[in-house]
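I have placed the structure first, in the form of structure tokens, so that the comments after it can refer back to it.
The values are calculated or read from the model by the stated rules, or taken from the named source; none is laboratory data. None of these values were measured; they are calculated from a predicted model. When we count neighbours, we look across all protein chains shown, and the Cβ atoms used for this are built from the backbone with ideal geometry, even at glycine. SASA here: full protein model, heavy atoms, side chains in, ligands and nucleic acids out. Shrake-Rupley method; radii C 1.70, N 1.55, O 1.52, S 1.80 Å.
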Amino acid sequence: MKLLLTSSGLSTTTIKQRFLELVGKNPSDISVAFVSTAADLEENKWFVDKDKSILTGMDLKVVDVDLKNKNYVDLSILFKDIDVIFVEGGNTFYLMYWFRKSGLDKLLGELLSGGKVYVGVSAGSIMVGPSIESAGWEGGDDSSVVNLDNLDGLGLVTFCVFPHYDESQAEVINEENKHLTYELVPITNEQAVLFEDGKREIV
């Protein structure tokens, strides 16, 4: 399983390079499914435009995917010939709602087991851990606008990424860590967690 979990996408030269190594193809041969559903609630989608611009600037083939009008079968067909599933940031709770509604929560593990690469940005990175509760902590930008029945993550990894970390959040994280049953991995906007074949490193 190959995952690159970021705060701000392919925001540095090092992260871009590790991404290309993870995929293992020439940039012009890489196809990316760009899932920006989490940003639906944002008035200013500047970060979506930025990340898409970076991908196209790397000469990757980018296909926009909106989970709101898709189901499990639709996504199975759509992702068949895709190399990378790139899940953009935004509201984590809203994104989880549409993961479940579309069936991507069930499909994603199969896709990654088949060799596809997952890139998460902020909310997209939080999703794959055991819980999405950290998105609602003090200092987080999300609120549970969709009233989810539970805050379980996809559980593809045993840790949870805490994106956009800075020192001002240290006290909150230290306090919350006392109650967590899983490991929390804070990353700054210039960092990413690379997870490949069970091994994890900070990029």
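Any idea of the accessible area per residue across the chain, 1.4 Å probe, to the nearest Å²?
Accessible area per residue, the chain: 47 Å².
How far, in nm, would the chain grow between ASN150 and SER28 when pulled straight, counting 0.36 nm per residue and subtracting the alpha carbon separation? Intermediate values should be presented prior to the final figure.
Details: separation 122, 0.36 × 122 = 43.92 nm, distance 4.02 nm.
Length gained between ASN150 and SER28: 39.9 nm.
Output wanted: per-residue J couplings in Hz (rounded whole) for segment 2-8, from phi through Karplus 6.51 cos²θ - 1.76 cosθ + 1.60, θ = phi - 60°, x for Gly and Pro.
10, 9, 10, 9, 10, 8, 9
Carbon and sulfur together cover what percent of the accessible area of segment 64-203 at a 1.4 Å probe radius?
45
List the residues, sorted by chain then number, that are 5 or more residues from VAL128 or on another chain and whose placed amide H is less than 5 Å from its amide H.
Answer set, sorted by chain and number: LEU154.
Show the residues, 5+ positions off or on another chain, whose built amide H is closer than 5 Å to the amide H of CYS160.
When sequence neighbours closer than 5 places are left aside, the close amide H contacts are GLU183, LEU184, VAL185.
Counting other Cβ atoms within 10 Å of each Cβ, which trypsin sites (Lys or Arg not before Pro) in segment 91-190 have at most 15 and sit in a DSSP loop? Provide the component values of the computation, followed by the final result.
Values: sites: ARG100, LYS101, LYS106, LYS116, LYS178; in loops: LYS116, LYS178.
Loop-located and lightly packed - LYS178.
So which GluC sites (Glu not before Pro) in segment 149-203 are both in a DSSP loop and have at most 13 other Cβ atoms within 10 Å of their Cβ?
On the way: sites: GLU167, GLU171, GLU175, GLU176, GLU183, GLU190, GLU196, GLU201; in loops: GLU190.
Passing both the DSSP loop test and the Cβ count: GLU190.
Quick one: which residues, 5 or more positions from VAL62 or on another chain, have an amide H under 5 Å from its amide H? H modelled 1.01 Å from N in the peptide plane, none for Pro or chain starts.
Long-range HN contacts for VAL62: VAL32.
From the cross-link list LYS16/LYS101; LYS2/LYS25; LYS16/LYS52, which pairs have alpha carbons spaced over 20 Å apart?
Violating the 20 Å limit, Cα to Cα: LYS16/LYS101.
If you place +1 on the Cβ of every Lys and Arg, -1 on the Cβ of every Asp and Glu, and leave all else neutral, what size is the dipole of the chain about its Cα centre, to the nearest 20 Debye? Intermediate results must be reported in sequence, preceding the final value.
Values: 18 positive and 32 negative charges, 159 e Å.
Value, rounded to 20: 760 debye.
Select from ALA38, LEU22, SER131 the residue farthest towards the positive end of the dipole of segment 1-145; place +1 on Cβ of Lys and Arg, -1 on Cβ of Asp and Glu, and compute about the Cα centre.
Highest projection toward the positive end goes to LEU22.
Counting DSSP beta bridges with both partners in segment 46-203, what percentage is antiparallel, nearest 5? Intermediate values should be presented prior to the final figure.
Working: 5 of 13 bridges.
Taking every DSSP beta bridge within segment 46-203, about 40 percent pair in antiparallel fashion.
If I model segment 72-130 as equal point scatterers sitting on the Cα atoms and use the Debye formula, what is log10 I(q)/I(0) at q = 0.13, 0.16, 0.28 Å⁻¹?
Once normalised to I(0) and log-transformed, intensities are -0.30, -0.46, -1.34.
Using +1 at the C-beta of Lys and Arg and -1 at the C-beta of Asp and Glu, which of SER168, THR188, VAL157 has the Cα lying farthest in the positive direction of the dipole of segment 147-196?
Of the listed residues, the answer is VAL157.
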